Amino acid sequence: MKRILLITKACCRETERQVQLQASGYEVLCSETILKQILGGQDLTGFFDFFQIILLSEELSDPEVRETVRVIKEAGAVCHPIYRFVKEEPLPEECPPDITACLAANSATALQQLPPAHLQTGTVACFSKKTPTGPGSVSVSFFDIRWFLQRLQESLTATEARLLEQIFAKCGRPLLLQDCLCGPAAEAVSGEETADLSGLIFSLRKKIAAAGYPGPSILLAEKSCFLAPAFYQWFDAAKQAL
């Protein structure tokens with residue numbers, strides 16, 4: 001199922017469009033926070049690779065569209081189809097070369113120009129707002145991460161939960177392995193325990209993937225660990241969309 005990032009200035013004005021996209025089988029993250037981060041110069045490297053389609057609201061001005069497209073092109077390893085909604089019926093020559101197509105915002109057939117929302121193969125989770133059914137389900141909501149968090153928390157041991165809390169508290173900055181507090185009495189980890197700590201991190205990666213996030217989540221350096229930038233940006237944006 002294709003994932004869409006809808007970048008706008010006001011999510012409240014995109015409700016009908018979002019409902020139509022979801023009814024067509026797409027998973028949608030509608031975000032105004034991403035636009036603010038783009039215009040504020042925040043590093044979004046890797047974030048856009050989580051999506052297959054990017055939509056730009058008609059609320060964005062021409063300069064905002066140009067800057068957004070530039071950032072998307074520079075921040076992602078994937079060449080995304082980018083569609084821009086416009087208020088007037090667009091002419092082919094009016095669509096900039098970096099935009100896949102301009103769509104008339106009020107056209108009933110505009111969304112039919114998007115690539116089909118077919119299912120993907122592989123281990124990417126299927127996202128849904130409905131309660132996951134079946135003990136083997138890894139279904140979570142993309143734009144509402146409560147199911148992701150619930151499934152992750154249910155799978156973690158107490159030690160893994162404490163370690164993950166510490167890593168998140170760093171907000172993407174490195175956490176030194178020797179400073180990790182994972183023991184029952186929250187003792188600092190010694191050099192002899194570093195190998196066990198690395199094993200915990202590998203276990204966390206697997207459980208985060210099983211809960212619904214398919215990309216790199218926690219990166220491990222020689223003496224530290226930290227959140228992958230794309231995972232941190234995804235998590236932060238998803239919380240903003242709640």
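The values are calculated or read from the model by the stated rules, or taken from the named source; none is laboratory data. Everything numeric here is computed off the predicted structure, so don't read it as measured data. Here the Cβ is made from the backbone with ideal geometry for all residues, glycine too, and neighbour counts use every protein chain on show. Side chains are part of the model used for accessible areas, which takes the heavy atoms of the whole protein and leaves out ligands, DNA and RNA. Shrake-Rupley method; radii C 1.70, N 1.55, O 1.52, S 1.80 Å.
Annotations for the structure displayed:
- Within the range 34-63, being closer than 24 Å to ALA104 by Cα, of a type in the set (S, T, N, Q) and in contact (Cβ under 8 Å) with a residue 40 or more places away in the chain holds for GLN52, SER57.
- Identity of the residue in the range 27-52, aromatic (Phe, Trp, Tyr) and open to solvent by less than 10 Å² (accessible area, probe 1.4 Å), that ends up modelled with the lowest pLDDT: PHE47
- Taking each residue of the range 157-176 that is within 13 Å of ILE218 (Cβ to Cβ) and looking for partners that are loosely packed, with under 15 Cβ neighbours inside 10 Å and aliphatic (A, V, I, L, M) with beta-carbon atoms closer than 9 Å, six or more apart or interchain, yields LEU163/LEU181; GLN166/LEU181; PRO174/ALA221; LEU175/ALA169.
- Out of VAL65, VAL28, VAL71, sole residue that is more than 17 Å from the chain's Cα centre (by Cα) and aliphatic (A, V, I, L, M): VAL65
- On the stretch given as the range 215-231, residues that are small (Gly, Ala, Ser) and crowded, with 16+ Cβ neighbours inside 10 Å total 4.
- Among the conditions (1) closer than 23 Å to GLN233 by Cα; (2) among the polar types (S, T, N, Q); (3) open to solvent by 30 Å² or more (accessible area, probe 1.4 Å); (4) touching a strand residue (DSSP E or B) at 6+ places or on another chain (Cβ under 8 Å), the only one that SER57 does not satisfy is (3).
- Within the range 66-87, tally of residues that are touching a strand residue (DSSP E or B) at 6+ places or on another chain (Cβ under 7 Å) and in a loop (DSSP other than H, G, I, E, B): 2
- Residues of the range 209-223 that are assigned to a helix (DSSP H, G or I) and within 15 Å of LEU164 (Cα to Cα): ALA209, ALA211.
- Residue in the range 85-93 that is at pLDDT below 80, within 30 Å of ARG13 (Cβ to Cβ) and charged (D, E, K, R) present: yes
- Scope the range 3-27; condition assigned to a strand (DSSP E or B), in contact with a Lys or Arg (Cβ under 8 Å, 6 or more places away or on another chain) and more than 18 Å from GLU64 (Cβ to Cβ); matching residues: GLU27
- Filter result for the condition that a residue is closer than 26 Å to CYS11 by Cβ and either at pLDDT 80 or above or assigned to a strand (DSSP E or B) (or both), over PHE202, PHE226, PHE168, PHE235: PHE168
- Taken together, the criteria exclude GLU16 from residues that are over 26 Å from PRO214 (Cα atoms) and at pLDDT below 90.
- PRO63 meets the conditions (1) part of a helix (DSSP H, G or I); (2) open to solvent by less than 10 Å² (accessible area, probe 1.4 Å) in every case but one. The failed one is (2).
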